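Enquirer: Here it is: the structure, laid out below.
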Amino acid sequence: MIRRLLGMLAVVALATAASAAVPSPSAAVDGHQFWTLPQGPGYTKSARVIGHSASGRRIVAYYRGYEGAEHVLLVLGQMHGDESAGRRTAEFVRDRIVPRERTGIWVVVSMNPDGAARGTRANARGVDLNRNWPTSGWTSAGRGGRYWGGPRRASEPETRAMIRFLREIKPDFIASIHQPLAAIGSSSRGVAWQRRLASNLGLPRRHLGVGNPSGTVSPTLTGWYDSTLGAHGVATTIEYGASPPRSFVTVRAADGITKAALVR
């Protein structure tokens, strides 16, 4: 009888150990299922609406990490509605990645929900959001074209929402994901971070210009952040290829970006 009882206790102990080692689903937040992994004191998860699109769709930011994090990464999955691969990376980071202690990850799956719904590069007003940022390189030329920067600097509610949010959180690293040029945008700032990204993702570093005049700052998220809030961190464009495999945009990209940002 004692031997049988000891055997039953051993089985229970093994089952308990196994269940503790395997991620298990926790309560959903904003309709999304998260995964529970070992976490230290002060670990938190949250979701908040940071703004609305031109058509009134919500732009949501998700936080995973520690209160008062000393080191923060922002992953922006999509700015152009016809570039969908980065959304899968952002969703994977949001749902599966737990940062190490004293760090945190913000995730914005898409800052262009109208373009995502329509399958268009631009937002609902025909503006390329990555040409709409208020820098010296902004221009209103090209109305109706694929790369129109809008009627004025930061004219779009999506851009203004992200500006307010970035001014608030001031991340150490921003990974802004695009397609299809298959490269890591290079600049003189954050070279070690860029090199880690290039190595982890197997993509070359190279200049990714947008055609703004020489001596001006590109009217992009990365150009604006680096020139305005560069004392707090660095923003980098990550360009996937046209049709990256699912395993790349989920496991490899999520792991590679978060490790490059030193939050894992």
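The values are calculated or read from the model by the stated rules, or taken from the named source; none is laboratory data. Only a predicted model underlies this, so the values are computations on that prediction, with no experimental measurement involved. Every residue, glycine among them, receives a Cβ derived from its backbone with ideal geometry; neighbour counts consider all protein chains shown. Accessible surface is based on the protein model in full, side chains and every heavy atom, while ligands, DNA and RNA are left aside. Shrake-Rupley method; radii C 1.70, N 1.55, O 1.52, S 1.80 Å.
Residue by residue, here is whether (1) in a loop (DSSP other than H, G, I, E, B); (2) open to solvent by 60 Å² or more (accessible area, probe 1.4 Å); (3) modelled with pLDDT of 95 or more; (4) touching a helix residue (DSSP H, G or I) at 6+ places or on another chain (Cβ under 6 Å) holds:
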site	(1), (2), (3), (4)
127	yes, no, yes, no
134	yes, no, yes, no
164	no, yes, yes, no
180	yes, yes, yes, no
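Enquirer: Of everything in segment 64-92 that's of a type in the set (D, E, K, R) and in contact with a Lys or Arg (Cβ under 8 Å, 6 or more places away or on another chain), which residue is farthest from residue 234 (Cα to Cα)?
Expert: Selected residue: 82.
Enquirer: Hey, can you tell me all the residues within segment 98-125 that are open to solvent by 10 Å² or more (accessible area, probe 1.4 Å), in contact (Cβ under 8 Å) with a residue 40 or more places away in the chain and in a helix (DSSP H, G or I)?
Expert: Within segment 98-125, 113, 117 qualify.
Enquirer: Can you tell me which residue among 209, 233, 185 is open to solvent by less than 20 Å² (accessible area, probe 1.4 Å), without any contact (Cβ under 8 Å) to a residue 60 or more places away in the chain, within 26 Å of residue 156 (Cα to Cα) and not charged (D, E, K, R)?
Expert: 185
Enquirer: Name every residue in segment 208-239 that is in a loop (DSSP other than H, G, I, E, B) and closer than 19 Å to residue 147 by Cβ, in order of residue number.
Expert: Matches in segment 208-239: 208, 209, 210, 211, 212, 213, 214, 216, 217, 218, 219, 220.
Enquirer: Hey, which of the strands (runs of 3 or more DSSP E) in segment 40-97, taking only ones fully inside, have at least 2 residues that are closer than 26 Å to residue 132 by Cα and open to solvent by 10 Å² or more (accessible area, probe 1.4 Å)?
Expert: 43-52, 58-66
Enquirer: Any chance you could count how many residues in segment 164-189 are on the phi > 0 side of the Ramachandran plot and within 16 Å of the chain's Cα centre (by Cα)? Show your work before the answer.
Expert: Of the residues in segment 164-189, the ones on the phi > 0 side of the Ramachandran plot are 170, 182.
Right, trim to within 16 Å of the chain's Cα centre (by Cα) and you get 170.
Final tally of qualifying residues: 1.
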